[in-house]
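A short write-up of the structure that comes next.
The values are calculated or read from the model by the stated rules, or taken from the named source; none is laboratory data. Quantities reported herein were computed from a predicted structural model and do not represent experimental measurements. Positions of Cβ are backbone-derived with ideal geometry, glycine not excepted, and every protein chain shown enters the neighbour counts. Quick note on the areas: whole protein, heavy atoms, side chains included, nothing else; ligands and nucleic acids left out. Shrake-Rupley method; radii C 1.70, N 1.55, O 1.52, S 1.80 Å.
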Amino acid sequence: MPPAPLAAWTDGRIIELDHPTATTVRLRMHVEDRPRHLPGQHYLIRLRAPDDYTAQRSYSLASDSDDPLLEFLVERQPDGEVSEFLADVAEVGDVLELRGPIGRWFVWDTTTPVLCLVGGTGVVPAVAMARTARRLGRADLVRVAAVGRGPDELPYARELEKHGATFAWTRSESDGRPAGAFTRDELAPLLDGVELAFACGSARFASYAEELLLDASVDAGSIRVERFGPTGG
Amino acid sequence: MPVTRGFQRRRPEPDRSRLPPGQYDTGSSWPVLTAEATPHQPAEAWQLSVDGLVEAPHTWSWSELHAFEGSSYFGDIHCVTTWSKFDMTFTGISVDDLLAVARPTSEAAYVMAHSVTGYTTNLPLADVTGGRAWIVWSVDGKPLPRQHGGPVRLLVPHLYFWKSAKWVSRLELMAEDRPGFWEQNGYHDRGDPWLEQRYQGD
Ligand SMILES: Cc1cc2nc3c(=O)[nH]c(=O)nc-3n(C[C@H](O)[C@H](O)[C@H](O)COP(=O)(O)OP(=O)(O)OC[C@H]3O[C@@H](n4cnc5c(N)ncnc54)[C@H](O)[C@@H]3O)c2cc1C
């Protein structure tokens with residue numbers, strides 16, 4: 001295995017910025033001559049204060065590699081050093097330091113049939129996988145099961161719906177389905193033909209997701225987990 | 001390196017003597033970071049092996065491990081995802097004690113730590129000897145939680161925490177270095193937080 005190329009720090013400019021839900025911000029950024037990425041990879045975003053103090057955090061890409069811009073979706077954490085800045089202070093035209101793409105494990109190889117069991121902002125890498133699958137004309141390869149409080153609070157809910165995603169709303173009943181996360185019986189049919197399962201979300205969500213997948217007889221070796229949450233047990 | 005418009009430090013000036021570059025103090029929270037499903041492994045059924053380039057390969061049961069004289073680490077830990085956590089107490093045994101039984105041969109220069117999940121991470125032998133590495137089963141006086149590697153994890157606190165393999169079940173002594181799981185996936189081979197060795201090439 002050759003050594004991985006060093007992903008150096010580079011500058012990224014915010015080209016578009018909006019707030020798809022009350023607690024999230026979507027940033028679309030331009031980076032000169034950036035390398036291609038695989039869906040599931042993330043970047044580091046680094047902020048620098050006038051006294052040279054820096055803070056950096058990881059953010060998954062929502063964009064397909066063919067997208068001319070990098071797309072991030074960040075959830076504002078109460079008192080969160082980086083996410084509150086991105087959600088409340090950052091503006092179009094601002095330049096932030098970026099480093100990536102990073103990660104070679106939580107990535108979709110573009111050929112394997114997979115299920116993404118994701119919650120809240122954990123949808124972000126699933127969106128990148130779904131977009132890439134659609135570009136390749138293989139939307140069938142990426143199945144998405146997403147958990148959110150409700151359709152208005154889950155980022156990318158409409159796009160994922162068009163992709164054929166299955167949803168579990170934890171705060172609202174829908175079409176006779178009571179509010180709550182997925183049950184094993186709901187998950188079982190989604191696992192048909194799937195070779196790999198990606199679980200992504202807060203630490204708490206990721207723990208629930210991996211337990212549910214194991215419970216649904218997915219082999220532990222076929223589960224890949226990405227935990228976003230700053231806190232956990 | 002541009003200053004970020006409108007960004008100001010939110011936390012008090014960290015203690016730079018304790019906080020490596022690019023890290024922040026996560027305070028009372030202890031983030032869980034794992035790429036695999038957390039295994040269910042009862043402590044009583046635990047086994048730990050030391051093999052490879054050793055004169056006396058050996059496997060210890062959970063109770064045999066506890067027969068060693070206990071050893072604790074009190075201090076800080078640093079995760080490559082940029083959080084550091086101060087003043088942790090881990091208790092278990094020193095890796096030196098296991099190696100004293102297994103006796104690495106003169107060619108042994110590296111260690112591959114293996115977990116029950118198949119996770120691996122490589123370390124220079126010198127980084128796990130001399131009282132710098134532990135096999136631990138308790139944290140702050142309580143059994144190590146499953147999501148943090150319980151019942152048993154490796155602890156190498158002077159390196160980034162992915163080197164402290166959770167659910168460790170085997171230490172393999174090797175003559176040549178070989179990349180482990182994250183190391184094959186783009187992370188640095190050694191991972192010294194003070195040198196900010198995060199990714200290959202750093
Ligand atoms: C691979 C990866 C991909 C990720 N992708 C995404 C993504 O796509 N979208 C996304 O939204 N997130 C993502 N995350 C999470 C993200 O990296 C950050 O953890 C998250 O945005 C919170 O960072 P923050 O700086 O806002 O909060 P932090 O400042 O880290 O704080 C989080 C919380 O802890 C408390 N806290 C922390 N430090 C202190 C302190 N010293 N004193 C008091 N309180 C403190 C704060 O009150 C705050 O509520 C990802 C994480 C990983 C590892």
Tell me, what is the percent relative contact order of chain A, built from C-alpha pairs under 8 Å that lie six or more residues apart?
-> 18 percent
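Please identify the GluC sites (Glu not before Pro) of segment B:1-66 that satisfy two criteria: DSSP loop assignment and at most 15 other Cβ atoms within 10 Å. Which are they?
Here the GluC sites (Glu not before Pro) that fit, given the DSSP loop and packing criteria, are B:55.
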In Å², what does the accessible area per residue of the protein assembly as shown work out to with a 1.4 Å probe?
-> 41 Å²
Per the Kirkwood formula over distinct C-alpha pairs, the hydrodynamic radius of chain A in angstrom is 18.2 Å
Take the alpha carbon atoms of segment B:5-112, find their radius of gyration, then divide it by 2.2 N^0.38 Å using N residues; give the quotient.
-> 1.47
Can you put B:40, B:148 in order of accessible area, largest first, using a 1.4 Å probe?
-> B:40, B:148
Do any trypsin sites (Lys or Arg not before Pro) in segment A:95-192 lie in a loop, going by DSSP, with at most 16 other beta-carbon atoms within 10 Å of their beta carbon, and if so which?
-> A:104, A:138, A:149, A:171
Share of antiparallel DSSP beta bridges in the protein assembly as shown, in percent to the nearest 5?
-> 70 percent
Paired Rg and Dmax values of segment B:74-202, which use every Cα atom, in angstrom = 13.8, 38
In cubic angstrom, how much convex hull volume per residue do the alpha carbon atoms of the protein assembly as shown span?
-> 145 Å³
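Sorted by accessible area (1.4 Å probe), largest first, how do A:166, B:120 line up?
A:166, B:120
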Rounded to 0.05, the calculated FRET efficiency for the beta carbons of residue A:175 and residue B:109 at R₀ = 60 Å is 0.45
Ranked from the most accessible area to the least, with a 1.4 Å probe and all protein chains present, what is the order of B:146, B:198?
-> B:146, B:198
Mean residue ellipticity (222 nm) of chain B, computed from DSSP H runs ≥ 4 via -39,500 (n - 2.57), nearest 500 = -2000 deg cm²/dmol
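Considering only DSSP states other than H, G, I, E and B, which GluC sites (Glu not before Pro) in segment A:53-124 qualify as loop sites with at most 12 other Cβ atoms within 10 Å? Don't jump to the answer; show the numbers that get you there.
Details: sites: A:71, A:75, A:81, A:84, A:91, A:97; in loops: A:91.
Loop-located and lightly packed - A:91.
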Ignoring ligands, DNA and RNA, what percent of the accessible area of the protein assembly as shown is carbon or sulfur (1.4 Å)?
-> 51 percent
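Summing Lys, Arg as +1 and Asp, Glu as -1, what charge do residues with Cβ under 11 Å from the Cβ of residue B:158 carry, residue B:158 excluded?
My count for the surroundings of residue B:158 gives 0.
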Considering only DSSP beta bridges whose two residues both sit in segment B:1-92, what percent are antiparallel, to the nearest 5?
-> 85 percent
Enumerate the lysines that residue B:166 could reach by cross-link, defined here as Cα to Cα under 30 Å, with residues fewer than 8 away along the same chain left out.
-> B:85, B:142
Any idea of residue B:85's accessible area? Nearest 10 Å², probe 1.4 Å.
-> 20 Å²
Count, for each residue of B:4-17, the Cβ atoms from other chains sitting within 10 Å of its Cβ, then give me the mean as a whole number.
-> 6
Solvent-accessible surface (1.4 angstrom probe) belonging to residue B:60, in square angstrom, nearest 10 | 10 Å²
